[in-house]
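These notes concern the structure reproduced below.
The values are calculated or read from the model by the stated rules, or taken from the named source; none is laboratory data. Not measured: the values here are computed from a predicted model. FYI the Cβ positions are ideal-geometry reconstructions off the backbone, even for glycines, and counts take in every protein chain you see.
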C-alpha cells in the first residue's frame, strides 16, 4: 500500500505520513540521525498538535537534550512578538545526572505563575517528564502540557494524565506500526511482538 493510502486509512494528512516514513527510514523512532530540516518538520507537527488542542501557554522549554532543538524551532513559529524562551538544566554526572532546575530569565518573564509547555521527542515510562515537571513547579510555575512526537505507549502518558497533566502526542507508536505494516516495512509478527512488549511495560508502570 502506498503512503497516500496508508494516510487515508489512518486519517492522516500526507505530510504527517511523509514524516512517519522518514522517521522509519532514518531509524529516528529510536535515537537516530536527525537533520536541521527534520527538526523543523517535527517542530511544525508539534506546533500544529498544540494549536489543535487550544492549550494556552506563556513559555516553551525543551526537555534535555532531545527536546531542546525542537523547542527552539517551535518558538520560531510564534509570531506575536513575545519571548517564550525557557530552559531546563541537568546537574550531576553519569547515570545520576537529573533535570533539577528551570529558568525563564531569557524571556524576561520573571514573575511566578507562568504556564509552561514542555517538549520532547518521545515518552516511555515518563521519568524525565516527572523530573521536568518538578523543576518547573519548584520554580513557581505550572505545566500547561507535555508535548511529544511519539508516545511509545509504555504507560508514561497514562501515569501523567492520571495525576492531572495533559499529554499531547503527534504519533502513538501503535499508529506508526500500523503505518509500517500497510506500507510493507515490518511484518505482522513484528507488530505483535512489539505490542506484547508494550502491554507488559504498561502493566509494570501501572503497578509502580
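Within the range 53-78, restricting attention to residues that are in a helix (DSSP H, G or I) and in contact (Cβ under 8 Å) with a residue 40 or more places away in the chain, the residue that is nearest to residue 132 (Cα to Cα) is 67. Kindly establish whether residue 186 is under 19 Å from residue 9 (Cβ atoms), in contact with a helix residue (DSSP H, G or I) (Cβ under 9 Å, 6 or more places away or on another chain), without any contact (Cβ under 8 Å) to a residue 12 or more places away in the chain and part of a loop (DSSP other than H, G, I, E, B). Yes: the conditions hold for residue 186. Have a look at 136, 148 and point out the one that is part of a strand (DSSP E or B), crowded, with 19+ Cβ neighbours inside 10 Å and at pLDDT 95 or above. Residue meeting the stated conditions: 148. Going through the range 10-32 one residue at a time, which ones are over 18 Å from residue 187 (Cα atoms), in contact with a helix residue (DSSP H, G or I) (Cβ under 6 Å, 6 or more places away or on another chain) and modelled with pLDDT under 80? Hit for the range 10-32 is 32, nothing else. In the condition set (1) free of Cβ contacts under 8 Å to residues at least 60 places away in the same chain; (2) within 26 Å of residue 171 (Cβ to Cβ), residue 119 is compliant with all but (1).
Scanning the range 84-102 turns up at least one residue that is in a strand (DSSP E or B), more than 30 Å from residue 206 (Cα to Cα) and in contact with a helix residue (DSSP H, G or I) (Cβ under 6 Å, 6 or more places away or on another chain).
Tally up the residues in the range 151-183 that are in contact (Cβ under 8 Å) with a residue 24 or more places away in the chain, assigned to a helix (DSSP H, G or I) and touching a helix residue (DSSP H, G or I) at 6+ places or on another chain (Cβ under 8 Å), please. Number of matching residues: 12. When residue 179 is tested against (1) under 15 Å from residue 156 (Cβ atoms); (2) surrounded by 17 or more Cβ atoms within 10 Å (Cβ to Cβ), exactly one condition is not met: (1).
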